Amino acid sequence: MDLSRTPAEEAFRAELRRWLAHVLPQLPPAPDPGDWPGRRAYDCAWQRMLHDAGYAGIHWPKEVGGRGAGPAEHLIHLEETEKAGAPYVGANFVGLLHAGPTIAAEGTAEQRRRWLPPILRGEQVWCQGFSEPQAGSDLASLRTRAVREGDTYVVTGSKLWTSHAEVADWCELLVRTDPEAPGHRGITWLAMPMDAPGVTVRPLRTLAGSTEFAQVFLDEVRVPVANRLGAENDGWRVTMVTLSFERGTAFAGEVVACRRTLGEVAAQARSNGAWDDPVVRRRLGRLAAEFSALWSLIAWNVSHAGDGSPGLGGSVFKLRYSHARQELFDAAAEVLGRGSLSAAHRWTHERLSSLSYTIAAGTSQIQRNIVAERLLGLPKGP
Amino acid sequence: MDFRLTEEQQALRAGARELLAGRFGRERLRAAVEAKDLDRGLWAELAGAGMFSMRLAEPEGGAGLGLPEAVLVFEEAGRALLPGPLVATHLAAGLLDEAVVAVVDTTRRPLLAEHLADAQAVLVLDGKRVRRADPAAFDPVPEPCLDPLTPLYRVRGGPHTMESLAVLDTDVRTLRRQGALLTAALQLGIALRTLESAVAHAREREQFGRPIGSFQAVKHLCADMLGRAEVARVAVYAASVTGDAVDTATAKLLADEAAVRNARDCLQVHGGTGFTWEADVHLFLKRAWVHATQYADAAANEETLAAALRR
């Protein structure tokens, strides 16, 4: 149990801080949230700056263009970029945090050379085609069909809740290649170019008013067999290899941000009198404990990442974090009182968007099933 | 940074678990419920194994270990539901020579103290100092305790009689912090043990022709128990490494909650059996309730955490 930093790790932190202080003032103003081409350009320019300074793919292997650093540097990087107010991964979320690590783990040398460097350089944006209108929590029941014709798959179906679809170059797509096989056994992972004929993107508006995701219609889209990761009908395993681990670390920057927001909420409460209420103070104190422990849980998960059991902390983390984030912005609303009705307040928007956290990437109910069945060994349900 | 337990730490925890399983299994636990006195043979064995002196330097009779190691051993003590003034005696190592030591915290009302009749000496904590007293000096009156394994006493003697007591050369805030952390480690053990008990019962017990653990209503109770225990675990371990006051408040708050709520959910999973005296579940819940009031309760921990938020 060692939470200290070596001199080399502290030197890495100092160097990163210096670099952030130097480059962040040079960034152009952040684009309007509704301006997707503008957001893509902004997010990719930031990713390019990270890459050119040697900070892209901190924990990715060197041979695919990463820095090859250990978990300590990975965490320091997440912590410092957030503390400095650097941009989020944004449109590069899927490429950097899911499709990329999946390709790194399961791709051939040729596939890794082809797809990973452009992700790290901020040149190609990925989106995720997993959920379908009839396949949500029961993801393995997905119906989008891929029929083999020579060295091509012909794909027909529809994908739902696809973030960044409007500006993506690639889609990591789960398709059914064996309609006879039960559930997850007939699924294959494909990299689909989003500009292929037959791909139609229809943006969907969220309850927060923004268009963060889309429905994607696929009408006889031709995808080369060379774009398949892993074997045919092995896509479920290919996908799950990285999913659980990324659940454990993808939100590290957000936990830092939540702790900062909590400090701001406390400052607001001190200035408007809400702090005099012990119920408010205790509610904020409890949240401080929760976010502090979630940060420790990330450090725990990252430290155990090489042990082959990363899934545990990942699902537990997601369950607790998604709930804590909602509770944070509910507490912020209590501190603001009727001021929380203003849609112009930053916390109001965060309160609305936090509602997706207990649904996206596996609902809390599905996470509890995973925890109970895979970690605690309870029998499958009726 | 590597938050994993070292091989030595894993071996220490495994050794503690093995020792306690051998010396304080279920039969001994149930026998202790009926017995009124501390098992001094077991106590001497624990002392011999270094339970209390482990953090002293080797020349002083200790093993030169740190808080992280102590926390691992206390986690096992909590898991075994080992009775006795474990934390107080551990804190007294190097300060007092007596074999069994209790604590009286004079800042709390009503003034109640655990294990006084079994103790040979008392650490008296107020807001500023740590003093030494004889148990008899408090004129203790037995008070029936909801936990059958924790003898409780109403204590007389206020601050005016304290002045005559010998002041010990140690920092009261550090002692309270370490007491809170070791108590949190006991709670972590309770949270883990009740989780295991609930899961084992849910896999075995059948209703509607299938194990009750196959139903989501039961499954989700168990999943949340694991969440509480794992969050408490990392909070307790992190505080044992940093020794920080706010980290300790985090650890105590989350471990208290994990122990109490896991014990309640464990009772719920056990159904009617869980409400009986014969089942062990109530012993875990009652002990968790006792520990939750010790050193710093939820209100105190939450206020400590709130005060530390950015001004």
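The values are calculated or read from the model by the stated rules, or taken from the named source; none is laboratory data. All values derive from a computational prediction rather than experimental measurement. Cβ coordinates were reconstructed from backbone atoms using ideal geometry, including for glycine residues, and neighbour counts include every protein chain displayed. These accessible areas exclude ligands, DNA and RNA; they are computed on the full protein's heavy atoms, side chains included. Shrake-Rupley method; radii C 1.70, N 1.55, O 1.52, S 1.80 Å.
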> On a 0 to 90 degree scale, rounded to 10, what angle separates helix A:36-52 from the longest Cα axis of chain A?
Replying inline: 80
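Sort A:I366, A:I103 by accessible area with a 1.4 Å probe, largest first. Numbers along the way, then the final one.
Numbers: A:I366 50, A:I103 0 Å².
My answer, sorted largest first, is A:I366, A:I103.
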> Extension gain A:Q134-A:E63, at 0.36 nm per residue separation less the Cα-Cα distance, in nm?
Replying inline: 21.6 nm
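How high is the relative contact order of the stretch A:71-223, in percent, with contacts defined as C-alpha pairs under 8 Å that are six or more residues apart?
20
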>> Using Cα springs under 10 Å in a Gaussian network model of chain B, which residue among B:S240, B:S197, B:S164 shows the largest mean-square fluctuation?
In response: B:S164
>> Counting only other chains, and only Cβ atoms inside 10 Å, what mean value do you get across the residues of B:293-299?
In response: 1
> Where does the stretch A:64-146 land on Rg(C-alpha)/(2.2 N^0.38 Å)?
Replying inline: 1.33
> Hey, what do the phi angles of the stretch A:165-176 turn into as Karplus ³J(HN,Hα) couplings, whole Hz, using 6.51/-1.76/1.60 and θ = phi - 60°, x for Gly and Pro?
Replying inline: 4, 4, 10, 8, 8, 10, 10, 7, 10, 9, 10, 8
> Rounded to the nearest 10 Å², what accessible area does A:S163 show when all protein chains are kept and the probe is 1.4 Å?
Replying inline: 40
>> If you average 1/r across every pair of different Cα atoms in chain A and take the reciprocal, what Kirkwood value do you get, in Å?
In response: 22.1
>> Show log10 I(q)/I(0) for the stretch B:216-311 at q = 0.17, 0.24 Å⁻¹, two decimals, from a solvent-free Debye sum over equal Cα scatterers.
In response: -0.79, -1.18
> Hey, what's the per residue convex hull volume over the C-alpha atoms of chain B, in cubic angstrom?
Replying inline: 151
> Using the scaling law 2.2 N^0.38 Å as the reference, what is the normalised Cα Rg of the stretch A:251-375?
Replying inline: 1.16
>> Could you check the spin-label model distance between B:R205 and B:D139? Points 7 Å from the Cα along Cα→Cβ, value in nm.
In response: 4.8
> Which parts of the stretch B:107-125 would a label at B:E98 reach, counting a residue when its backbone N lies under 17 Å from a point 7 Å out along Cα-to-Cβ?
Replying inline: B:112-125
> So which lysines pass the test for B:K219, namely a Cα distance under 18 Å, with those fewer than 8 places away in the same chain ruled out?
Replying inline: A:K318, A:K380
> Which percent of the accessible area of the stretch A:1-74 is formed by carbon and sulfur heavy atoms (probe 1.4 angstrom)?
Replying inline: 57
>> How high is the relative contact order of the stretch A:7-88? Use alpha-carbon pairs under 8 Å, at least six apart in sequence, and give a whole percent.
In response: 30
> At the nearest 100 Å², what buried accessible area, both sides summed, do you get for B and A when the probe is 1.4 Å?
Replying inline: 4500
> Helix A:252-272: angle to the longest alpha-carbon principal axis of chain A, degrees 0 to 90, nearest 10?
Replying inline: 30
> Taking R0 as 30 Å, what's the FRET efficiency between A:N272 and A:V23 from their Cβ-Cβ distance, rounded to 0.05?
Replying inline: 0.25
> Taking springs between alpha-carbon atoms closer than 10 angstrom, which of B:G272, B:G209, B:G62 fluctuates most in the Gaussian network model of chain B?
Replying inline: B:G209
> Mind checking the angle between helix B:7-23 and chain B's longest principal axis? C-alpha axes, 0 to 90 degrees, to the nearest 10.
Replying inline: 80
> What Kirkwood hydrodynamic radius do you get for the protein assembly as shown when you take the inverse of the mean 1/r over all pairs of distinct Cα atoms, in Å?
Replying inline: 27.7
>> To check my understanding: the extent here is largest minus smallest coordinate of the Cα atoms along each principal axis. What are those three numbers for the stretch A:126-233, in Å, largest first?
In response: 42, 28, 21
>> Tell me the accessible surface of B:V218 in square angstrom (1.4 angstrom probe, heavy atoms of protein chains only), to the nearest ten.
In response: 30
> Do you know which residues of the stretch B:1-48 lose at least 10 square angstrom of accessible area in the protein assembly compared with their chain on its own, with a 1.4 angstrom probe?
Replying inline: B:M1, B:D2, B:F3, B:R4, B:L5, B:Q9
> Can you tell which of A:L20, A:L190, A:L50 shows the greatest fluctuation in a Gaussian network model of chain A with Cα springs below 10 Å?
Replying inline: A:L20
>> Just want to confirm a number: the relative contact order over chain A, from Cα pairs under 8 angstrom separated by 6+ residues, in percent.
In response: 12
> Taking the Cα atoms of the stretch A:10-128, what is the range of coordinates along each of the three principal axes, in descending order and whole Å?
Replying inline: 40, 39, 19
>> Over 5 Å intervals from 0, what percent of Cα-Cα pairs in the stretch B:101-167 sits in each interval?
In response: 4, 19, 32, 26, 13, 5, 1
